[in-house]
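Taking it in order: structure first as structure tokens, then the write-up.
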Amino acid sequence: VDPATAKLGADSARAAQSIPVENLEQARLKFLDLTKPQLVYLNTAYSGKATYYRYYCDMAKKGWVQSEKGIRNPYYGSSMLTCGELIK
């Protein structure tokens, strides 16, 4: 594994470990920290090799990545599950 990929993996692991499992609202706020290194990783290691979808929620002012098409907003739970727009 090249050093850049290893760093992205470490950044992702660190972000995942910082998500508090006992508080769903706080976990949703920390989710963006996990999404950022995942986007970098996808754009560098899997550019053109994997299908993924980027979405953005204007209400949360945050984005996320999904492997399937169709909005599944991670920030507001079932109350705003389909809030967002396709970016890429």
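Here are the numbers:
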{"item": "Answer from Leu8, Leu42, Leu29 - the residue that is assigned to a helix (DSSP H, G or I), modelled with pLDDT under 80, open to solvent by 80 Å² or more (accessible area, probe 1.4 Å) and of a type in the set (A, V, I, L, M, F, W, C)", "result": "Leu29"}
{"item": "Test: residue in the stretch 58-69 that is open to solvent by 30 Å² or more (accessible area, probe 1.4 Å), outside any helix (DSSP H, G or I) and at pLDDT below 80", "result": "no"}
{"item": "Selection within the stretch 11-26 - surrounded by 15 or more Cβ atoms within 10 Å (Cβ to Cβ) and in a loop (DSSP other than H, G, I, E, B)", "result": "Ile19"}
{"item": "Residue match in the stretch 75-83 (condition: of a type in the set (Phe, Trp, Tyr), in a loop (DSSP other than H, G, I, E, B) and open to solvent by less than 60 Å² (accessible area, probe 1.4 Å))", "result": "yes"}
{"item": "Within the stretch 33-73, tally of residues that are in contact with a Cys (Cβ under 9 Å, 6 or more places away or on another chain) and touching a residue at least 24 places away in the same chain (Cβ under 8 Å)", "result": "5"}
{"item": "Unique residue being at positive phi and in contact with a helix residue (DSSP H, G or I) (Cβ under 9 Å, 6 or more places away or on another chain) when the list is Gly70, Gly77, Gly84", "result": "Gly77"}
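The values are calculated or read from the model by the stated rules, or taken from the named source; none is laboratory data. For clarity, every value in this text was computed on a predicted model and none was experimentally measured. Please note: Cβ atoms are built from the backbone with ideal geometry, for glycine as well, and neighbour counts cover all protein chains shown. All accessible areas refer to the heavy atoms of the entire protein, side chains included, with ligands and DNA or RNA removed. Shrake-Rupley method; radii C 1.70, N 1.55, O 1.52, S 1.80 Å.
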